[in-house]
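The values are calculated or read from the model by the stated rules, or taken from the named source; none is laboratory data. Computed from a predicted structure; not experimentally measured. Don't worry about glycine lacking a Cβ; one is built from the backbone with ideal geometry, like all the others, and counts go over all protein chains shown.
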Amino acid sequence: MVIRSSAAGCPRSSRLIRVLRKLVIGVAVIATLVAGVGTARLVLPWTDPTHGVPKQLTYLRAEIENGADRNAQKQFPEGYFFLNVLYGLSWVQVGVSDPARAADASIEVRWALDRLDSADATAPFDRSLQPRYGIFYAGWTNWLRGGLVALGQSDAAERSRFTSDSVDIASAFRTAETPFLPAYPGQAWPVDSVVAIASLRLYDAVLAPRFGQFARNWVTTVKAKLDPATGLLPHQVVPQVTGARGSSQAMIQRFLVDIDPAFARAQYQLFKDKFVTGLGIREYPKGTAGQGDVDSGPLVLGLSLSATVVGMGAARIHHDPLAERLSRTGELAGLPFSGLKTKRYLFGALPIGDAFLAWSTSARPLVATAQPALKGSSGWWRLPWLVLLWLPALLLWGALRLRHRGRRRKRTH
């Protein structure tokens, strides 16, 4: 009885082994294909992903209409606002870069501004602050409104609104005792004031010179309040002062160039030295560590995904080859899917991430002239990614090869 049971079990065991071997071969083939595609995205001649931004925006428009901005609000305090403002700003950049798209871009920007004027957008903010709803809301909205004027499609009422909002922002700064105004009662982040001051410089560029000396005075004041550990703007100043961090620095580097290009280039070089690594952008300066939070998102090996995505746009603004490196990495790790009319990343699981990518991919200054190009680094940054891509495939094929050799040895003996 035992012999018959054992004999009967051998064929089933052999079939199971054959099935498992075929499964491993299939996984190894897939891993090899993934590694091959990834390698191509890392090393082949570069196709600028800027051309795919309108397809990203088509996807985002549909997602926002289906409630993606309200879903984003559940994930972090400014989710609704950011998804809509970045959608509009991406269209500004597309339209300014390609005047043939300016009319269509203006329609989309107006649509985004209407959503930012809604109760859903203003709900997280305090109306009693100066400027109204706080410097975060006022600065970003004013920058987008100035972008509409920059497209050359605005009417008199829209230009008048841009003027009045700019005056309100400048008045709030003039009456404050600090160059960093609050976004919420008792809370202030310098990055928000940077965006607001940039919007005033945009006013000077697209309507009439008015705030130039005011902005220069602001920069002089800010230079006396830099983080002593890094020489960069602090992350937060109220209720406590905290040192520079990657998530806010990446955003600051996007806007500072439109305020003061020389100061911006010096700050950008410090930012690269303190935060940029071969794999991405750190949340905390090199040599220090900290926890992720709502600003940075989860940290992986000290890297912030949000800082890395926004930093890609900052690098484009500064004509830094780092932009291509980060963009190639995004096209590799972001699992982009491009159809006939739409493009999305990570299977469309996080529309707010697609919005940041579209904004960073199409990044361009709206006030400053083109920055001098920076020199590129060596191509060795690709090596860690190539190892990560090929290691699984090599291990699987190696294991299959060793098993095949073992079976041959058994047959010869």
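Structure notes:
- Going through (1) touching a residue at least 12 places away in the same chain (Cβ under 8 Å); (2) within 25 Å of Gly26 (Cα to Cα); (3) in the same structural domain as Pro261 (by TED's automatic domain parsing) one by one, Arg403 falls short only on (3).
- When Ser199, Ser193, Ser164 are screened for being in contact (Cβ under 8 Å) with a residue 60 or more places away in the chain, assigned to a helix (DSSP H, G or I) and among the polar types (S, T, N, Q), only Ser199 passes.
- Against the numbered list (1) under 24 Å from Trp390 (Cα atoms); (2) under 11 Å from the mean Cα position of the chain (by Cα), Ala358 comes up short only at (1).
- Inter-residue pairs, beta-carbon under 8 Å, first free of Cβ contacts under 8 Å to residues at least 40 places away in the same chain and in region 88-102, second surrounded by fewer than 24 Cβ atoms within 10 Å (Cβ to Cβ) and polar (S, T, N, Q), 6+ apart: none
- If you check Gly147, Gly134 for being buried (at least 22 other Cβ atoms within 10 Å of the Cβ), touching a residue at least 60 places away in the same chain (Cβ under 8 Å) and in the same structural domain as Ala208 (by TED's automatic domain parsing), only one passes: Gly147.
- Region 112-122, residues that are free of Cβ contacts under 8 Å to residues at least 40 places away in the same chain and within 12 Å of Asp69 (Cβ to Cβ): Ala112, Leu116, Ser118
- Of note, Val53 satisfies the criterion of being within 30 Å of Ser378 (Cβ to Cβ), of a type in the set (A, V, I, L, M) and assigned by TED's automatic domain parsing to the domain that holds Leu202.
- Residues satisfying the stated conditions in region 237-251, i.e. crowded, with 24+ Cβ neighbours inside 10 Å and in a loop (DSSP other than H, G, I, E, B): Ala244, Arg245
- If you go through region 216-236 and keep only what is touching a residue at least 24 places away in the same chain (Cβ under 8 Å) and surrounded by fewer than 20 Cβ atoms within 10 Å (Cβ to Cβ), you end up with Arg216, Val219, Thr221, Lys223, Lys225, Ala229, Gly231, Gln236.
- Hits in region 359-381 (condition: surrounded by 15 or more Cβ atoms within 10 Å (Cβ to Cβ), part of a helix (DSSP H, G or I) and modelled with pLDDT under 90): Trp381
- Residue tally, condition part of a helix (DSSP H, G or I) and either at pLDDT below 90 or of a type in the set (Ser, Thr, Tyr) (or both), over region 297-327: 3
- Residues that are in contact (Cβ under 8 Å) with a residue 12 or more places away in the chain and over 13 Å from Ser248 (Cβ atoms), drawn from region 298-316: Leu299, Leu301, Gly302, Leu303, Leu305, Thr308, Val309, Met312, Gly313, Arg316
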